[in-house]
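Undergrad: Below is one structure. I have some questions about it.
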């Protein structure tokens, strides 16, 4: 079984995932909880939570890479839910590594680049400014399609049932920001976007989109953010020969 030192793996990921690109991220990106000194199996998940940690333990994972980590802006105390979560990790010698905004943005492994790829959209540029940097991407369909046809493609690919609003435009130029990226709607008018795909539905986006005549597609925070960690897992298996497994714990939201 292939193994790697924890510090070596962390240094590799910090560089490969370009963590330095997002110094203002609320997430403490990188190693959040230190487990054992050697890594033999990597778990990949969207959320750092007790359910995910227990599943990782059952699958003999000793390094868990997540999109949504435990530490946001700093720890105030290690008690209650936070204390129990950290205890579960330490008792199981599982290291926790988080990658938030860098994994939304990343041009090779990111959620948004991967969403364009799986939806067969040609990347045309960046989209969706957040903390001074665009973290999403724009893409084009081969030919204009109806909203019904596009949403069917999204739902089939992501295995979801999207909520959408059709403001009467054909789908051709699409802006994509995974998760809770509704504020990216502000970029749509300037960049000629006719359809905006994100995760969470937002009341605040509706009237902006209506007045811009930009179609809205909300396909779920969780469902739109499984792609980044999976892409990183494929990379780690290929480049480092490590065993990897995706731990699926959907919220339906």
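Undergrad: Could you list, in sequence order, the residues of the range 82-94 that are in contact with a helix residue (DSSP H, G or I) (Cβ under 9 Å, 6 or more places away or on another chain) and in contact (Cβ under 8 Å) with a residue 24 or more places away in the chain?
TA: 84, 85, 88, 89, 92, 94
Undergrad: Sticking with this one: Taking the condition assigned to a loop (DSSP other than H, G, I, E, B), surrounded by 12 or more Cβ atoms within 10 Å (Cβ to Cβ) and in the same structural domain as residue 177 (by TED's automatic domain parsing), does residue 109 pass?
TA: yes
Undergrad: Given the conditions (1) under 15 Å from residue 97 (Cα atoms); (2) exposed (fewer than 15 other Cβ atoms within 10 Å of the Cβ), and given that residue 70 satisfies all but one, which numbered condition is not satisfied?
TA: (2)
Undergrad: With respect to the numbered conditions (1) out of contact with any helix residue (DSSP H, G or I) (no Cβ under 9 Å at 6 or more places or on another chain); (2) surrounded by 16 or more Cβ atoms within 10 Å (Cβ to Cβ), which one is the sole condition not fulfilled by residue 142?
TA: It fails just one condition, (2).
Undergrad: Would you kindly identify the helices (runs of 4 or more DSSP H) lying entirely within the range 181-253 that contain at least 1 residues that are closer than 17 Å to residue 139 by Cα and modelled with pLDDT under 95?
TA: 185-188
Undergrad: Answer with yes or no whether residue 9 is within 22 Å of residue 253 (Cα to Cα), in contact (Cβ under 8 Å) with a residue 40 or more places away in the chain and buried (at least 22 other Cβ atoms within 10 Å of the Cβ). Steps first, please.
TA: Details: within 22 Å of residue 253 (Cα to Cα): no; in contact (Cβ under 8 Å) with a residue 40 or more places away in the chain: yes; buried (at least 22 other Cβ atoms within 10 Å of the Cβ): yes.
No, not satisfied.
The rows are residues; the columns are (1) modelled with pLDDT under 95; (2) within 15 Å of residue 47 (Cβ to Cβ).
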{"site": "90", "(1), (2)": "no, no"}
{"site": "95", "(1), (2)": "no, no"}
{"site": "99", "(1), (2)": "no, yes"}
{"site": "103", "(1), (2)": "no, yes"}
{"site": "114", "(1), (2)": "no, no"}
{"site": "117", "(1), (2)": "no, no"}
{"site": "120", "(1), (2)": "no, no"}
{"site": "124", "(1), (2)": "no, no"}
{"site": "128", "(1), (2)": "yes, no"}
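The values are calculated or read from the model by the stated rules, or taken from the named source; none is laboratory data. Computed from a prediction, not measured in an experiment: that's the story for all the values here. We place every Cβ from the backbone using ideal geometry, glycine too, and count neighbours over all the protein chains shown.
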